[in-house]
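Asker: Sharing a structure with you now.
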Amino acid sequence: MPRRRSPRSPKVVHRTARAGLRVTRGQRRRLLGLLVSAGDVWACVLELNTWRRARQDRPLVSYQELCQELAASGPGTFGELDSQGARSVLRRYSDAWFAAAQRRRSDDGTARFPRRRRALMPLRWYHGTFTLAGRRLRIPVARGRPPLWVRLDRELPYPPEQVRSVTLLYDAGRLWVDVTAEVPVACYPAGQEPDPGRLAGVDLGIIHPYAVAGPEGEGLLVSGRAVRAEHRMHLADTKGRRKAVARRAPKPGQKGSRRWRHYRRRQRLAEARHRRRVSQAQHEAAKAVITWAVDRRVGTLAVGDPRGVLKLDAGRRHNQRTRDWRIGHLIAVLKDKAEVAGVSVQLVDERGTSSTCPACRSRIPKPPGRVLACPACQFTGHRDLTAAASIAARAGGGITPVLLAGVTHRRAGAHLPGVAPSRRDPRRRAHHRGARGSPGRHRPAPASPT
Ligand SMILES: [Zn+2]
């Protein structure tokens, strides 16, 4: 819920960053207790409205009414949870209910009112209720309880005075906080701000998440090979794990063993780590594009939107590839970063841009490599950059597709394991027989001859 600001104050956008928590065992127990109490608040509201429906009363859904009901329950009902935290659950319920009602009014039969209980519910606290001092965060608790200070596992990307809210949540076996801040839109000295008339075309791809063709024949290629390798390693790893435990898998309806539960937990952690790695690499790639655009005063990015063709079934392997691509996320992170930098993003239909010669407009069969050569005329060029130039031309860019001024190369996912030679990917097998990346498990020393 953004606060009201005067219209003359500088423009801001809201951005959220996630940080893990470093906690002791006792702190972890208290934080989980708070999330369980939040789940209790949620369950109470569901229960209350079930009773009211049985009595044919109107449901209690407005935030104010729910807050009155909470105040009537008195202090100490929900363990260590303070009233601000409990109200954030009520706010969540009320928002979800009204959103569903809105969708039902516009004839969306699939919209459901909130009805499912959850063991752990995220909690949000707004500015003024929590304290953030460097990496330390004080989480509010009910009056009379000892203070709860926890440590974040990384520096936040925002100065503390911009932070507006923190959200405590539990995801894939770990405790996290989402920190939301008001980030001011970038201001530039006169003459250096991005010019909306300068346009660059962006082609989205798998090998190159972003290929950008800008004015004056300049180009940018962001390589996504590290991300693709991460997808492959993850798929191979998942298959390997499944094969190893297939014999022990419980039958449907049968209760799994403790060992099986441990396997499921490890698999969930691996999934979550994979998602974080890919997401981080895509953020880095988008950052490279925006930095490049701002340096060249490009004020408009025309992005070719391929989502129209993704609904077609293209076979098992290619379907997996297009799902891994996470195209919606690629577009979303680019839009988010462009907004902060004061660059506008415009979606363009990209159909045919990668298979049409930009010089003579004839159709070209898809080349197997990265070089596009037209059989009708003498044009050759980089396949993705040519597509980007065609997208820019479609948005009114009028860019010559022949790139003269040079291409900048950037890599996405420099942090991924296996990219730097010093950090071997533990999922990858050693190249040579007997060569090991680590000394491995401790083995007993050979028996001494006596
Ligand atoms: Zn041609």
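What follows is calculated from the coordinates using simple rules that are stated; it is not laboratory data. Owing to the predicted nature of the structure, the values given are computational and were not obtained by experimental measurement. With ideal geometry, Cβ positions are generated from the backbone for all residues, glycine too; neighbour counts draw on all protein chains shown.
Asker: Which of the listed residues, 334, 244, 379, is farthest toward the dipole's positive end in the chain, when Lys, Arg count +1 and Asp, Glu count -1 at the beta-carbon?
Answerer: Value computed over the given set: 244.
Asker: Checking the a/c ratio against 1.5 first, then a/b against b/c, what shape does the Cα gyration tensor give for segment 74-119?
Answerer: prolate
Asker: Can you grab the distance from the C-alpha centre of segment 1-50 to the C-alpha centre of segment 112-149, Å, no decimals?
Answerer: 5 Å
Asker: Next question, about the same structure. So which DSSP H runs in the chain come out at 20 Å plus along the axis (Cα) with average Kyte-Doolittle of at least 0.5?
Answerer: Long hydrophobic helices here: 327-341.
Asker: Something else now. With +1 on each Lys and Arg Cβ and -1 on each Asp and Glu Cβ, and nothing else charged, work out how big the dipole of the chain is about its Cα centre, in Debye to the nearest 20.
Answerer: With only Lys, Arg, Asp and Glu charged at Cβ, the dipole is about 3140 debye.
Asker: Once you place label points 7 Å from the Cα toward the Cβ at residue 249 and residue 443, how far apart are they in nm?
Answerer: Each label point lies 7 Å from its Cα, and together they span 3.3 nm.
Asker: Restricting to bridges with both residues inside segment 279-397, how much of the DSSP beta-bridge set is antiparallel, in percent to the nearest 5?
Answerer: The antiparallel proportion sits near 40 percent.
Asker: Per residue of the chain, what 222 nm ellipticity follows from adding -39500 (n - 2.57) for every DSSP H run with n ≥ 4, rounded to the nearest 500?
Answerer: -12000 deg cm²/dmol
Asker: If you don't mind, there's one more thing I want to ask. Please list 275-286, 210-221 highest first by mean number of surrounding beta-carbon atoms within 10 Å per residue.
Answerer: Output ranking for 275-286, 210-221: 210-221, 275-286.
Asker: Still on this structure: In whole angstrom, how far apart do the alpha carbon centroids of segment 308-327 and segment 214-276 sit?
Answerer: 17 Å
Asker: Taking the Cα centre of segment 246-398 as origin, work out the dipole magnitude from +1 charges on Lys and Arg Cβ and -1 charges on Asp and Glu Cβ, in debye rounded to 20.
Answerer: 1800 debye
Asker: For segment 1-85, what ratio Rg/Rh do Cα atoms give with a Kirkwood hydrodynamic radius?
Answerer: That ratio is 1.10, to two decimals.
Asker: State, to one decimal in nm, how far the label point of residue 265 lies from the label point of residue 336, with both points 7 Å from Cα in the Cβ direction.
Answerer: Output for this residue pair reads 3.0 nm.
Asker: Right, another one. Restricting the count to DSSP beta bridges whose residues both fall in the chain, what percent are antiparallel, rounded to a multiple of 5?
Answerer: 70 percent
Asker: Name the residues of segment 146-175 whose amide N is less than 12 Å from a point 7 angstrom out from the Cα of residue 127 along the C-beta direction?
Answerer: It comes to 160-166, nothing else.
Asker: How far apart, in nm, are two points set 7 Å out from the Cα along the Cα-to-Cβ line at residue 323 and at residue 119?
Answerer: A separation of 2.6 nm, rounded to one decimal place.
Asker: May I pose another question? Kirkwood Rh, segment 181-283, all Cα pairs: how many Å?
Answerer: Computed over segment 181-283, the radius equals 18.2 Å.
Asker: Can you run phi through the Karplus equation (6.51, -1.76, 1.60; θ = phi - 60°) for segment 370-377 and list ³J(HN,Hα) in whole Hz, with x for Gly and Pro?
Answerer: 9, 9, 9, 10, 8, x, 7, 10
Asker: Then there's this: Per the Kirkwood treatment, what hydrodynamic radius in Å, one decimal, follows for the chain from the mean inverse distance over all distinct Cα pairs?
Answerer: Averaging 1/r across every pair of different Cα atoms and inverting gives 26.3 Å.
Asker: For a 30 Å ceiling on Cα separation, which of these pairs sit above it: 239/337; 239/311; 243/287; 239/366?
Answerer: 239/337; 243/287; 239/366
Asker: Tell me, 121, 233 in order of fewest to most beta-carbon neighbours within 10 Å?
Answerer: Final ranking by Cβ density, sparse to dense: 233, 121.
Asker: Right, here's the next one. Rounded to the nearest 0.05, what FRET efficiency do residue 9 and residue 99 have when you use their Cβ-Cβ distance and R0 = 35 Å?
Answerer: Plugging the Cβ-Cβ distance into 1/(1 + (r/R0)^6) gives 0.75.
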